[in-house]
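All remarks here apply to the structure that follows.
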Amino acid sequence: MSTTVTQTTASPERVPWSPLRVRQLIGKVAIYTFVTALGVVFLVPLFWLFASSLKEGSRIFDQPVEWFPANPQWRNYPDAWTALPFTRFLLNTLFVTLVPLVAEVFASALVAYGFARFAFPGRNLLFMVMISTMFLPDAVKLIPTFLIWKQFNLIDNYDPLVLGSLLGGTPLFIFLMRQFFSSVPREIEEAAIIDGANVFQTFTRVMLPLIRPALLSVSIIGFQGHWNDFLGPLIYLNSQAKYTLTVGMYFFTGGTNERPHWEWLMAMSTLMVLPILILFIFFQRYFIEGLTSGGVKG
C-alpha cells in the first residue's frame, strides 16, 4: 500500500509596496509633474494673450500683470474686426493658405514617391542637394526670389504666394513622405500593377492612402506656415483689398502713423491662434504618428 504525499507550495504573498514599485511610482509622478509644469509654461503666453485681448489698450502692459481683467472688454473683438475689412482679409488668407497647401502637399508627395521608388542616375546626390536647401535661411532667398517675380511682373498678385508651391514642394515634406514611402512593401505596388493599374493610379489610389498620417502631419505644418505668413504677403502685396489677416493686423501696431491699438491686435491674434489649436487638438494623434512612424519603420 503506497501512500501519495501531496505537497502544496503556497505562493508568496504579493507585497503591495515593494521598493521597486515605490521607485516606479515616484518616477511616474516626477515625469507627470515635469510634463504638467512644462505644459503650464507653454500655456502662459496664450493665457496672457487672451487676457490682454479683454483689456483696455492702456492697461495691457501694466505691472504687475492683471491675469483676470476686472472689467473684461469683450467689445474689443467686434471693434477689431470692423476697424478694417477683415472679412475680406480672411477670404484672402484662406485662398493663399489652402491653394498652395494642397499644391505643395501633392507636389511633395509626387517628388517623394520618385525618390523612394525609382532608381535613376544621381538620385542620392540630388536628394542630398534637396535636403541641404533646408539649411538656407529665408533671408538669403528673399531678395533673389523677389527679383525673379518682379521680372515676371507679378508683384501685387497672389502668384508669388501660390505658384511657388507647385514647383516641387517643400524639402521637409519630401523628406518625411519619402521615409513613409520607403517603409511600404513593394509587393503592394506589384499587386496593383498586376491588377492593371498604371504608375499614376498606383501612386494616387494605393500609395497615398497608405501614408495618410504623413499627409496629415505635413498638412498641419503647411497650414500653420501659410496661415501665419506675414513676410510674404507684406512684400508681394500692395493693394489693401488683397491683404491677408497678418498684414491687416500690422495696422494696429501704429506702423502706419496711427495710434497703436494693442487691444485690437491681441483680439485678432487670439482669433488667429484658434484654427491652429483646433487642428492640433483634433489631429494630434495623426500628427505625432506622422512625425515618428516613418523613421521607426524605415
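The values are calculated or read from the model by the stated rules, or taken from the named source; none is laboratory data. None of the values given here were measured: they were computed from a predicted structure. Glycine gets a Cβ as well: all are built from the backbone with ideal geometry, and neighbour counts include every protein chain shown.
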Scanning segment 81-119 for residues that are surrounded by fewer than 17 Cβ atoms within 10 Å (Cβ to Cβ), among the aromatic types (Phe, Trp, Tyr) and part of a helix (DSSP H, G or I) gives Phe95, Phe106
What are the residues in segment 41-64 that are part of a helix (DSSP H, G or I) and of a type in the set (Ser, Thr, Tyr), if any? Ser52, Ser58
List the residue pairs whose Cβ atoms are under 6 Å apart, where the first residue sits in segment 113-138 and is assigned by TED's automatic domain parsing to the domain that holds Arg212, the second is surrounded by 10 or more Cβ atoms within 10 Å (Cβ to Cβ) and charged (D, E, K, R), and the two are 6 or more positions apart or on different chains. Phe115/Arg178; Ala116/Arg178
Across segment 237-270, what is the total count of residues that are in contact (Cβ under 8 Å) with a residue 40 or more places away in the chain and in a loop (DSSP other than H, G, I, E, B)? 7
One residue from Pro69, Pro85 being at pLDDT below 90 and either within 22 Å of the chain's Cα centre (by Cα) or within 23 Å of Met272 (Cβ to Cβ) (or both): Pro69
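Taking segment 120-174 as the search range and keeping residues that are of a type in the set (Ser, Thr, Tyr) and in a loop (DSSP other than H, G, I, E, B), which one is modelled with the lowest pLDDT?
Taking segment 120-174 and keeping what is of a type in the set (Ser, Thr, Tyr), we get 132-133, 145, 158, 165, 170.
Still in the running and in a loop (DSSP other than H, G, I, E, B): 158, 170.
Values: Tyr158: 91, Thr170: 84.
The selected residue is Thr170.
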Subset of segment 222-236 [surrounded by 18 or more Cβ atoms within 10 Å (Cβ to Cβ) and either among the aliphatic types (A, V, I, L, M) or outside any helix (DSSP H, G or I) (or both)]: Asp229
Close pairs from segment 219-232: first under 20 Å from Ile155 (Cα atoms), partner in a helix (DSSP H, G or I) and among the aromatic types (Phe, Trp, Tyr), Cβ under 8 Å, at least 6 apart: Phe230/Tyr250
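Does Met177 satisfy being in contact (Cβ under 8 Å) with a residue 24 or more places away in the chain and within 17 Å of Ala103 (Cβ to Cβ)? It would help to see each step written out before you state the result.
Details: in contact (Cβ under 8 Å) with a residue 24 or more places away in the chain: yes; within 17 Å of Ala103 (Cβ to Cβ): yes.
Here the answer is yes, as Met177 does meet what is asked.
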Scanning segment 57-95 residue by residue, those acidic (Asp, Glu) and either under 21 Å from Val44 (Cα atoms) or free of Cβ contacts under 8 Å to residues at least 40 places away in the same chain (or both) turn out to be Asp62, Glu66
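Taking Gly232 as the residue in question, decide whether it is closer than 21 Å to Phe146 by Cα, in contact with a helix residue (DSSP H, G or I) (Cβ under 6 Å, 6 or more places away or on another chain) and among the small types (Gly, Ala, Ser).
Answer is yes for this residue.
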